[in-house]
Structures are given as structure tokens and as C-alpha cells.
Amino acid sequence: MKEYFEIPWASLRAMVEPSVAERSVIDHGAYFTSGQIVCSAAVDIRDGEVLTADGSRFPFDYLVIATGHRDSVPRSRSERLIQYKAECDKIKSANSILIVGGGPTGVELAGEISVDFPDKKVTLVHRGSRLLEFIGPKASQKTFNWLTTRRVEVILEQSVDLTNVSDGTYQTSAGETLKADCHFLCTGKPIGSSWLRETILKDSLDNRGRLMVDEQLRVKGHNNVFAIGDITDIPELKQGYLAQRHAEVTVKNLKLLMTGGRESKMATYKPGSAIALVSLGRKEAVAQFPLITVIGCVPGMIKSGDLFVGKTRKQLGLNP
């Protein structure tokens, strides 16, 4: 629906340093130069064609579904850059900031603010029993300790009622009162599959709304429809670098099929191992690998400096 691609793992840095978005928010036309770009929501899939909200129909021989998670963001790149500037101004003008949600988004935002603006009072509220529940408890505890040493107040096993905020006063589910000049909601986003429930793919959705795929990443029951990224039911962490691997396998298979290759020669996808890398400000990070969990500058050297923005731009054929 939007006119640009956004490198998602740079979005939280852009909230404290809006100039980052100049490189991480990229008009589709800058990298996609040999096809048609349609900025309209897909609303239906019928046999051999996709219908969009503007009334257009697009026939296909092969289809790839990559609608990930739903996110409410502006349509144009210029509007998105203005939004980042406004969010940064909000952070700068606040003395106290409330972050709701202790997953990777909430933790990374708390890290960015506490490093760039150490005088701000940052409070993070999370309904779970530990931070970063998608990875192991050792990484969670190391992250908790890192945040608290930087004066971030972490409140676990509570939620915040954001519908009843009065004069910077927030109420938690335990009846606790919190004061903050502004807040950021960093809870999970819904899967972008609701539009599929009335399409020919409705029976290919599991009970969580994810598309069921085979090892070639084809949607079950549809040999010419592929799905990649967060919308798939693949049992692995939903991470950007894994979505890129999905895309690589799918491109190989599309090339094979479109040139008359045999299905028996199709590439297969093996779910990624439990590797996670969460930035903690500009120089540090917490990393979970299969045999070890590390926090500090060493994992930070892998991700936290440029956040893979230069590498991703290069992959798109752009100047890093």
C-alpha cells in the first residue's frame, strides 16, 4: 500500500536520529526498475488474478504473498520522514517516557533512548514475566540488567490502560500510577492476513492466521502460489534475515518453474536456528546463538553500528 520499502531493523534508531531514515526509507522506484509498482491494497485473490482496492485486476502465472504484519504507517516516503522527525522531537521535548511492551521493539527503543538521552526517565512496562520472551531466559536477564544499570525502570507482569490517560498519568493493571510526558506502544502487530480470509487461500490459513507452506515455500493446496516472511507458518523466529532467505529460495524455484524445470529439482527451505540479535543503543547488543548468549560490545559490533543498513542497500543495488 505504501510507496516505499523500509529497512525495518533501522526504524528505532531513526526515532532518535531521523537522518537515518534518509537511507533506510527507500522509494520502490529507486531499486525496482524493471517492473510495475502498484500502490494499492490487495483485497482478493481469484483463480489466476489479484484484485486491488483501486479496482484493478492483475493476472498471474505465479503469485508470492509477503504481507507480513500489519502496520499503520504513512503512504509516502516524505510523510514517513516527517513522522520520524516528529517522533524524535517528542522524545527530545519529554523529560519522562513510557514504553509499553518488552519484546525486541520495546527493548531496542529503550536502549536507543537511554544511550542517546541518558537524562530522560524511561519506564518500560511489559505484561510478560521476563523481557524478550522469544529467546532464552539467560538473554532476558542480561538485557534486564543492562537496562536497569542505565536507569531504565522495568516493570514486569503488568499492562497499561492507554485508553484512560489523564494529564500524563497512566494506570497499570496492578493499580500502580505512572507519570510520563509521552508514551510509545511497542506491542506485537497483527499478522497481515485478514484480507485472505475471503480468498481462494482461506483454507490454507492456520488457526493463528498464518499461511501453511511446504518445504518449497508453496502455499499448501496451490502449486503456483508461494508465501514468504512473517506470514508463513514456518516454526522459527520471525526475523528479517530469515525472510530474506525465504525470498532467495522462492526466486530459485520461480526461475526453475518458469523455464520448464522439473518440480523434483526445486530448492527446499530449512527453518533457521534460534539465533537472535537485539541492539542495545549504538555500540552494544545482546546475542543468542545455539550454544552461547553474549551481551556487550562484541555482538554490538555485528549489528548496532550501522544496523545492516549499508549492507541491505547494497543488496538492493543502491549506494550504501
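Here are Leu98, Leu131: which of them is surrounded by 15 or more Cβ atoms within 10 Å (Cβ to Cβ) and either among the basic types (Lys, Arg) or within 16 Å of Leu178 (Cβ to Cβ) (or both)? Walk me through how you get there before you give the answer.
Details: Leu131 fails: either among the basic types (Lys, Arg) or within 16 Å of Leu178 (Cβ to Cβ) (or both).
From the options Leu98, Leu131, the qualifying one is Leu98.
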Checklist entry - Out of the residues in the stretch 192-217 that are over 17 Å from Arg46 (Cα atoms) and of a type in the set (S, T, N, Q), which is most open to solvent (accessible area, probe 1.4 Å)? => result Asn207
Checklist entry - Under the condition of being among the polar types (S, T, N, Q) and within 21 Å of Glu112 (Cα to Cα), which residue from the stretch 149-190 is least open to solvent (accessible area, probe 1.4 Å)? => result Thr187
Next on the checklist: Condition check: open to solvent by 30 Å² or more (accessible area, probe 1.4 Å), at pLDDT 95 or above, in contact with a helix residue (DSSP H, G or I) (Cβ under 6 Å, 6 or more places away or on another chain) and more than 24 Å from Val16 (Cα to Cα). Does Lys220 satisfy that?
Outcome noted: yes
Checklist entry - Out of curiosity, is Val251 outside any loop (DSSP other than H, G, I, E, B), surrounded by 18 or more Cβ atoms within 10 Å (Cβ to Cβ), at pLDDT 95 or above and among the β-branched types (Val, Ile, Thr)? => result no
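Would you mind finding the one in Asn164, Asn207 that is more than 25 Å from the chain's Cα centre (by Cα), more than 17 Å from Val64 (Cα to Cα) and not small (Gly, Ala, Ser)? Quick ask: steps written out before the conclusion?
On the way: Asn207 fails: more than 25 Å from the chain's Cα centre (by Cα).
Result of the check over Asn164, Asn207: Asn164.
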Next on the checklist: Checking Gly106 against (1) open to solvent by 10 Å² or more (accessible area, probe 1.4 Å); (2) within 20 Å of the chain's Cα centre (by Cα): exactly one of these is not met. Which one?
Outcome noted: (1)
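Take the conditions aliphatic (A, V, I, L, M) and outside the structural domain of Lys252 (by the TED database) and apply them to Ile26. Does it pass? Before you say what the answer is, go through the steps one by one.
Details: aliphatic (A, V, I, L, M): yes; outside the structural domain of Lys252 (by the TED database): no.
Considered against the rule, which asks whether it is aliphatic (A, V, I, L, M) and outside the structural domain of Lys252 (by the TED database), Ile26 comes out as no.
For the stretch 270-288, which residues satisfy the criterion of being under 17 Å from Arg245 (Cβ atoms) and either at pLDDT 90 or above or in contact with a Cys (Cβ under 7 Å, 6 or more places away or on another chain) (or both)?
Step one: list which residues in the stretch 270-288 are under 17 Å from Arg245 (Cβ atoms), which gives 270-277.
Residues satisfying the conditions are Lys270, Pro271, Ala276, Leu277.
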Next on the checklist: Restricting to the stretch 296-317, count the residues that are farther than 25 Å from Phe5 by Cα, under 22 Å from the mean Cα position of the chain (by Cα) and outside any helix (DSSP H, G or I).
Outcome noted: 0
Checklist entry - So which residues in the stretch 55-84 are modelled with pLDDT of 95 or more, open to solvent by 60 Å² or more (accessible area, probe 1.4 Å) and among the charged types (D, E, K, R)? => result Arg57, Asp61, Arg75, Glu79
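The values are calculated or read from the model by the stated rules, or taken from the named source; none is laboratory data. None of these values were measured; they are calculated from a predicted model. Positions of Cβ are backbone-derived with ideal geometry, glycine not excepted, and every protein chain shown enters the neighbour counts. With ligands, DNA and RNA removed, areas are computed over all heavy atoms of the protein, side chains included. Shrake-Rupley method; radii C 1.70, N 1.55, O 1.52, S 1.80 Å.
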